[in-house]
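**Q** Quick one: the structure is below, questions incoming.
All of the numbers you see were taken from the coordinates with simple rules; none came from a lab. Keep in mind that this is a model prediction, so the values were computed, not measured. Cβ placement follows ideal geometry from the backbone for every residue including glycine, while neighbour counts extend to all protein chains displayed.
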Amino acid sequence: MTQSNGSKHVTLEDIAKKTGYSINTVSHALRNKDDIARETREKIQRVAAEMGYMRNQIASSLRSGRTHVLAVILGGMSNPFYGIMADSIQDAAQSAGYSVMIMCSRDNAELERVLVEEAISRRVDGILLIPNSRSGPTIERLRQSGMPFVLMSRYLNAGEADSVICDEAEGAYLATRHLIESGRRRLGYIASRRVVFSSERRLSGFLRACDEAGIAPADREIYESSRNIMANRQLEAWYAELVEKLAQLRNAGFDGLFVFCDVEAWHMLDAMQKSGRFANDDFGIVSFDNIEGALSFPIPLCSVSYDFNLMAMKGVELLRHRIHHNDLPYETAVIPVSLVCRGSCHRKG
């Protein structure tokens, strides 16, 4: 194991000569092994740092068969949900002794499969994947390859792999209850597109809250656009379509909206403001993800919150178990949710 310092390579032998310890002792000290006294480890590590030594990770990987690198495959960093998730996973991975390689699939199934092949070829120890609705072949490829992996935030089919999710149905139920408790009695569910796993769960929570509160079917509206607002070329068309739908809902007396996620809610509020056709309190609004809990944003939203850091920690923990025990039964970890009120519900009375 060496490190280039100008034209000189610092080796374990160099450090051994400098400190007077054996190469084996130096090697164990630099790997922080407990069989070396703490004072000796600290002395060797200090001298190694002064000499400009850095561990040769490639050589270490060849010996151990592990790269200590995890691949994280997610949609795209322009979406703050993915950005926060990536930050949380990196922190959790580093605490567990891993580096991470972030790869963006743009929620494109073909690109996702290319990235999985690249991650496998780079001999990462495992993969954390946020799947999309067409990730079935990717998941099957991962299973066939023997590459340890964990599905994050979503899954396609229950029990098909290790996964970490939040309690989406309960979160949507809490969001809808919050609207009802704020005095809203005619409610809409708004989404720009269907998202695998999440759409079904969030819609079921919305409907459960409506049923429990006695909200009649005529007083509920479900609007799911076929457009992907994260694709910029579709955003303007979605704005126009959405403004017309919201105007219809308002004119029919609808006064509460549960929006699929914070990003879509912010876009919706932007569309409403730009149209000039709506008052600030025409609708009480609640959404999902509590992005504002991690990023400062000038438009406050009542939102369903869950712990991104806990989700990342559980994902890395499950992946570590899978790396070392690939015959374990699949496990699903469910992260609890809560409701954060910031006033966008516009509580009546």
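**Q** Pull up all non-local amide H partners of residue 100: gap of 5 or more, or a different chain, and H-to-H distance under 5 Å with H placed in the peptide plane.
**A** Sorted by chain and number, the residues that satisfy this are 70.
**Q** Along the charge dipole of the chain, pointing to its positive end and built from +1/-1 on Cβ of Lys, Arg, Asp and Glu, which listed residue (290, 127, 252) has its Cα farthest out?
**A** Sorting the options by dipole projection puts first 127.
**Q** Moving on. Semi-axes, largest first, in whole Å: what does sqrt of 5 times each Cα gyration tensor eigenvalue give for the stretch 168-305? Spell out each step's value before the answer.
**A** On the way: eigenvalues 86, 62, 45 Å².
Working through the eigenvalues yields semi-axes of 21, 18, 15 Å.
**Q** Rounded to the nearest 20 debye, what is the charge dipole size of the stretch 168-305 about its Cα centre when +1 sits on each Lys and Arg Cβ and -1 on each Asp and Glu Cβ?
**A** Numbers: 16 positive and 20 negative charges, 56 e Å.
It comes to approximately 260 debye.
**Q** Calculated from DSSP H runs of 4 or more alone, at -39500 (n - 2.57) each and per residue, what is the 222 nm mean residue ellipticity of the chain, nearest 500? Present the calculation step by step, with values, prior to reporting the outcome.
**A** On the way: 12 runs with 157 residues, N = 349.
Calculated mean residue ellipticity at 222 nm is -14500 deg cm²/dmol.
**Q** Here's another thing I want to ask about it. Can you return the lysines within cross-link range of residue 348? Criterion is Cα-Cα under 19 Å, with same-chain partners fewer than 8 residues away left out.
**A** none
**Q** If you find the alpha carbon centre of the stretch 277-349 and of the stretch 129-168, how far apart are they in angstrom?
**A** Answer, in whole Å: 19.
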